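Report on the structure given below.
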Amino acid sequence: MNDRPGVRDTYDRIAAHFAKTREYPWPEVESFCADRCADTGLDVGCANGRHTELLTEYVDRAVGLDASRELLSIARGRAPDATFVEGDAATLPIASDTVGIAVFVATLHHLPDRRLRRQSLDEIARVLTPDGAALVSAWSTAHDRFEADANADSGFDTEIDWTLPGGEVVPRYYHIYAPAEFDADLDASNLVVVDSFVSSGNCYAVVEAA
């Protein structure tokens, strides 16, 4: 029996402290968004809305989605011009063929089994417009905090603790991707990989719908 807290419960507990440590967009996301524009942009796993706020500069309508209600409340205050919805990355409450730019970063690795991770990739493919593109990322075995073989074909499951200011320790589930495994899951999805690379210990891919 798995008694590990779900992603929603975990991030509701740490939301306020977590949000304070996530102030700025990642440079990889900034580079991806640069020179792109679309009617609708989607930030899956938006957390405190830092990347949703960035999307508002490039799209007419930015949508941030997260499982944590507490993080969504913080995000609404940060990016009042965006729309925020509670939802699951594996079953996006978004209409098909409506998203021109999608950002799915630092979220895939929280889904607790490979079936759900692949399903979430297919959901990104479903919502993208024919000319749309998405940036997908996940923590990698290439990260210097892990004593793992970055050339292995498969990654591993682990828990990484978050320590709150009062000393409470909250475990967070991660699947740490081997780069080859990340590419394999993308290849098995309904996405077409435009570019795949490792940066700052994360696997990244720029993808389009097949």
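The values are calculated or read from the model by the stated rules, or taken from the named source; none is laboratory data. Please read all numbers here as calculations on a predicted model, not as lab measurements. Every residue, glycine among them, receives a Cβ derived from its backbone with ideal geometry; neighbour counts consider all protein chains shown. Note: accessible area is taken over every heavy atom of the protein model, side chains too, but ligands, DNA and RNA are not part of it. Shrake-Rupley method; radii C 1.70, N 1.55, O 1.52, S 1.80 Å.
Here are the numbers:
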| item | result |
| --- | --- |
| Protection-proxy order for peptides 172-181, 99-108, each taking the mean of Cβ atoms within 10 Å per residue, highest first | 99-108, 172-181 |
| Taking N as its residue count, the alpha carbon Rg of the chain over 2.2 N^0.38 Å | 0.96 |
| Computed [θ] at 222 nm, helices only, for the chain once each DSSP H run of length n ≥ 4 contributes -39500 (n - 2.57) | -8500 deg cm²/dmol |
| List 98, 141, ordered by accessible area with a 1.4 Å probe, largest first | 98, 141 |
| Sequence of 28, 86 when ordered by accessible area, the most exposed leading, probe 1.4 angstrom | 86, 28 |
| Of all accessible heavy-atom area on the chain, the percent that carbon and sulfur account for (1.4 Å) | 45 |
| The chain - percent relative contact order, Cα under 8 Å, separation 6 or more | 18 |
| Neighbour cut-off at most 12 other Cβ (10 Å), DSSP loop, trypsin sites (Lys or Arg not before Pro), the range 115-160 | 145 |
| Probe 1.4 Å, protein heavy atoms only - accessible area per residue of the chain in square angstrom | 46 |
